[in-house]
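The values are calculated or read from the model by the stated rules, or taken from the named source; none is laboratory data. Just so we're clear, the structure is a prediction, and the values are computed from it rather than from any experiment. Note: ideal-geometry Cβ built from the backbone for every residue, glycine included; neighbour counts use all protein chains shown. Please note that ligands, DNA and RNA were not included when accessible areas were found on the heavy atoms of the full protein model with its side chains. Shrake-Rupley method; radii C 1.70, N 1.55, O 1.52, S 1.80 Å.
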Amino acid sequence: MKPRYVAVAVPGLLKFLDYAISTAAAPDLRPGHGVLVPLGRRTAVGYVITLKDRAEVEGVKEITGLVDDEPLVSPEMVDLLKWMADYYMVSLGDLFRTALPAGIGRDLKPLTRKWVELTDEGLALDLNSLRGKEQRRLIEFLREKKGQFLSALEDAGLSPSAVKALVEKGLATVRDEVTLRSPQHGVSNEKGKIPTLTAAQKTVVDRLTASIKNGGFVPFLLHGVTGSGKTEVYLRATAAALEQGKDVVVLVPEISLTPQFVARFAGRFGNEVAVLHSGLSDGERYDEWRRLRSGAARIAIGARSAVFAPVRNPGLIIVDEEHDSSYKQEEGVHYHARDVAVVRAKLCGATILLGSATPSIESYHNTERGKYTLLTLPERIDHRPMPEVRVVEMGRQAEGRRLKAEETVLVAPEVQAAVDDHLARGQQVLLFLNRRGFNTFLFCNDCGESARCPNCSISLTFYKRSHLLRCHYCEHSAAPHDLCPQCGSHNLRLIGHGTERLEDEVEARWPEVSIARMDRDTTSRKGAHHRIIAGMESGEHRILIGTQMVAKGHDLPGVTLVGILFPEGTLNLPDFRSAERTFQMITQVAGRAGRGETPGEVLVQAFNPEHYAVRHALQHDYPGFYAEELIFRKELGYPPFSRLVLLMFRGVKEEAVAEAAGSVAEIMKKALKGCGEVLGPVPSPLTRVRGKYRWQVILKGKEGTAFRRQVQAGIVRYEQSGRKHGVELLVDVDPQSLM
Ligand code: ADP
Ligand code: ZN
Ligand code: ZN
């Protein structure tokens with residue numbers, strides 16, 4: 001007889017609920033099916049986890065409908081999500097929601113898009129006869145591309161009004177095109193020929209190919225210096241997997257920041273590639289998802305959530321820049337996509353390839369203890385040298401007194417001279433400063449207070465263009481005040497520096513040069529990031545200024561000089577990963593230099609170049625940094641020598657928050673006796689964000705299930721003890737940030 005009940009995971013609930021199968025509504029249920037179930041007075045979407053012959057309780061209700069005739073996810077994915085629910089201590093129903101595209105279950109009509117094409121007159125027109133500059137540019141563009149989607153034209157900076165003008169003159173036509181919503185627009189396919197592998201690449205590719213052919217779970221860490229040709233390795237391994245009839249998942253940190261990477265895959269594999277990223281509409285995302293599920297596309301490329309891509313038979317999973325902290329989801333379900341990718345590979349018996357020029361301490365440690373196999377690309381392509389790195393040491397004279405004008409410039413004279421030099425040789429320059437805004441503080445000389453956000457425990461950043469003080473954690477902004485709100489003094493000054501100020505300074509110093517700035521303030525609009533990179537590629541811009549955004553894997557062969565300004569700023573963050581982050585940042589930014597045929601040069605302008613994170617980065621010495629960092633981690637018992645769970649309490653009333661944190665700390669001290677330590681409760685370093693107070697308790701334990709089980713039991717005990725009113729508990733397993 002068929003099972004008559006199912007256990008269903010519902011978002012927001014930790015426990016599964018039993019429902020009866022009404023044969024009419026659901027003849028053939030399987031794990032992974034989406035179902036509609038009555039829950040209290042409403043109907044909820046739930047996900048079938050298991051089929052069963054008996055219900056746990058009497059009088060269970062019936063399922064009322066199906067989201068889709070087919071299961072929404074494969075049995076392998078159900079297993080992965082179950083593992084995640086247990087490991088990250090979250091609701092399995094919430095995980096289904098995280099893993100599935102938003103459009104699912106809704107009837108999405110195919111999208112029509114506007115396709116712009118030149119008419120015969122438009123094609124034949126003598127451009128000199130046309131007055132509008134923008135219209136001329138548009139025609140040139142359309143001639144080159146042989147027509148384009150309207151949205152792609154906008155991304156390329158061409159206005160719809162110019163399109164309209166051409167249509168009115170009979171030079172162009174616009175029609176609705178029913179398409180599979182191809183989201184690759186804006187990304188050109190880089191066809192190019194396939195390069196011959198270097199010897200080092202060949203060794204690596206051979207290892208991977210053999211592993212993919214043999215099948216089974218094999219984890220690799222590829223440590224390849226910047227510019228060593230990791231992407232080509234990924235492409236070859238992907239080809240090998242396709243040849244074996246296997247599918248491929250490729251994760252990148254932030255896909256909107258890596259159009260070149262996507263273009264290389266699209267160029268090599270064409271329609272086999274489905275791109276999943278946050279810039280897609282629900283409909284586009286759903287289309288790509290279905291192309292993967294149906295097998296029409298066999299390579300999924302995307303950020304974090306693409307780890308759930310519904311490829312049918314994964315034989316290879318690639319995680320590029322595996323050290324990148326954006327793989328950690330910090331809202332909702334706190335999962336780490338790299339770690340989930342490893343588990344997925346394990347569950348489906350696939351090869352997994354983690355790649356980075358600066359591997360995370362955890363992953364490298366896993367190669368040392370034999371869990372992962374280490375592959376290396378120790379040299380750049382064509383024996384191009386690693387860029388020469390020099391330190392420009394800044395004196396500490398600035399402290400405690402007013403600065404002389406020449407001391408307040410952000411770019412030191414020595415760096416300025418180098419910029420002159422590289423510009424004179426027709427090359428491009430990258431200047432890195434990891435702070436946005438103009439000034440970082442409005443500081444009172446009399447009482448020492450700086451302007452703070454009323455909702456967050458953080459200083460406000462001054463923006464000169466908009467003449468506003470803005471908070472980087474909430475939406476608060478205000479005009480700068482004339483008097484100190486603390487003591488009434490007039491003696492205020494703006495100190496600290498950000499990319500906006502750097503841009504002003506650079507513009508004043510090199511007025512004849514085109515400059516681009518890339519940070520979160522300049523790239524909030526769609527396509528803005530792409531335009532900046534395109535402007536660098538075409539040579540239009542000569543100097544690029546940016547925050548860590550510029551460090552993310554761009555291949556900018558024209559850049560020969562990189563100036564890294566005050567990289568040690570991040571060392572002071574109260575976080576045990578701050579040295580690792582700083583090392584990664586310097587190495588990655590420095591790695592942008594000299595990727596073309598001309599060797600590169602890097603100048604690091606720093607106050608504290610003796611710090612080991614800075615020192616090893618200057619020497620391109622990953623193993624040296626790793627060894628030193630590992631000693632520090634071991635002494636303090638931090639990962640990889642322990643596992644951490646961060647319990648964060650949030651609420652508007654500070655006493656209630658502190659009390660909740662205190663009660664959990666007590667419970668955990670008992671629960672973790674013999675298998676873990678309890679640190680705290682303490683206010684979080686960022687004590688207040690968006691008007692909510694934050695306290696934290698850090699749990700530290702040994703790897704393995706004993707610690708996890710006890711933490712889970714402790715949390716259940718806390719929740720049963722009567723939830724503290726108005727206090728939210730966030731559980732962050734393997735936290736990436738302790739702020
Ligand atoms: P990484 O990701 O390791 O920093 P990339 O994959 O971006 O490096 O490669 C650096 C450059 O070298 C790219 O322009 C790439 O096209 C080129 N390249 C890679 N492999 C080869 C090869 N075997 N022969 C020639 N050029 C190559
Ligand atoms: Zn004051
Ligand atoms: Zn704020």
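Considering only residues that are open to solvent by 50 Å² or more (accessible area, probe 1.4 Å) and within 16 Å of ligand 3 (Cβ to nearest atom), which ones fall in the stretch 429-458? Listed by number, the residues that qualify are PHE441, ARG452, PRO454, ASN455. Residues of the stretch 60-77 that are touching a Ser or Thr at 6+ places or on another chain (Cβ under 9 Å) and outside any loop (DSSP other than H, G, I, E, B): GLU62, GLY65. Scanning the stretch 583-591 turns up at least one residue that is under 23 Å from the mean Cα position of the chain (by Cα) and assigned to a loop (DSSP other than H, G, I, E, B). Being loosely packed, with under 15 Cβ neighbours inside 10 Å, closer than 19 Å to LEU738 by Cβ and not polar (S, T, N, Q) is a property that holds for PRO685. Across the stretch 45-59, a minimum of one residue is classified as modelled with pLDDT under 85, surrounded by 14 or more Cβ atoms within 10 Å (Cβ to Cβ) and part of a loop (DSSP other than H, G, I, E, B).
All conditions but one from (1) in contact with a Leu (Cβ under 7 Å, 6 or more places away or on another chain); (2) open to solvent by 20 Å² or more (accessible area, probe 1.4 Å) apply to THR705; the one that does not is (1). In the stretch 717-731, the residues that are farther than 16 Å from VAL697 by Cα and at pLDDT below 80 reach residues that are open to solvent by 40 Å² or more (accessible area, probe 1.4 Å) and outside any strand (DSSP E or B) with C-beta atoms within less than 9 angstrom, at least six apart or across chains, in these pairs: HIS725/LYS653.
Please give the number of the condition GLY426 fails out of (1) under 19 Å from ARG688 (Cβ atoms); (2) assigned to a loop (DSSP other than H, G, I, E, B). Among (1) under 19 Å from ARG688 (Cβ atoms); (2) assigned to a loop (DSSP other than H, G, I, E, B), the lone unmet condition for GLY426 is (1). Within the stretch 447-476, the residues that satisfy the criterion of being more than 20 Å from PRO683 (Cβ to Cβ), part of a loop (DSSP other than H, G, I, E, B) and either touching a residue at least 12 places away in the same chain (Cβ under 8 Å) or under 25 Å from the mean Cα position of the chain (by Cα) (or both) are CYS447, ALA451, LEU460, LYS464, ARG465, HIS467, GLU475, HIS476.
Considering only the stretch 475-531, state which residues are more than 16 Å from ligand 2 (Cβ to nearest atom) and among the β-branched types (Val, Ile, Thr).
So in the stretch 475-531, the residues more than 16 Å from ligand 2 (Cβ to nearest atom) come out as 475-479, 496-531.
Passing the criteria: THR499, VAL506, VAL513, ILE515, THR522, THR523.
Taken over the stretch 331-360, the criterion of being more than 22 Å from VAL249 (Cβ to Cβ) and either surrounded by fewer than 23 Cβ atoms within 10 Å (Cβ to Cβ) or in contact with an Asp or Glu (Cβ under 6 Å, 6 or more places away or on another chain) (or both) is satisfied by GLU331 alone.
Would you say GLY32 is at positive phi, buried (at least 17 other Cβ atoms within 10 Å of the Cβ) and out of contact with any Lys or Arg (no Cβ under 7 Å at 6 or more places or on another chain)? In short, yes.
Inside the stretch 282-335, residues that are over 26 Å from THR226 (Cβ atoms) and assigned to a strand (DSSP E or B) make up a count of 2. Once the stretch 459-478 is narrowed to residues that are within 16 Å of ligand 3 (Cβ to nearest atom) and loosely packed, with under 14 Cβ neighbours inside 10 Å, the residue that is nearest to ARG520 (Cα to Cα) is GLU475.
Before we move on, is ASP320 in contact (Cβ under 8 Å) with a residue 24 or more places away in the chain, under 16 Å from the mean Cα position of the chain (by Cα) and either away from ligand 2 (no atom under 16 Å from the Cβ) or surrounded by fewer than 24 Cβ atoms within 10 Å (Cβ to Cβ) (or both)? Full working, then the answer.
Numbers: in contact (Cβ under 8 Å) with a residue 24 or more places away in the chain: yes; under 16 Å from the mean Cα position of the chain (by Cα): yes; either away from ligand 2 (no atom under 16 Å from the Cβ) or surrounded by fewer than 24 Cβ atoms within 10 Å (Cβ to Cβ) (or both): yes.
Taking the combined requirement at face value, the residue satisfies it.
To keep it simple, each residue is scored yes or no on (1) within 16 Å of ASP86 (Cβ to Cβ); (2) of a type in the set (A, V, I, L, M).
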position: PRO685; (1), (2): no, no
position: GLY691; (1), (2): no, no
position: ARG694; (1), (2): no, no
position: LYS700; (1), (2): no, no
position: ARG709; (1), (2): yes, no
position: ALA713; (1), (2): yes, yes
position: VAL716; (1), (2): yes, yes
position: GLY722; (1), (2): no, no
position: LEU729; (1), (2): no, yes
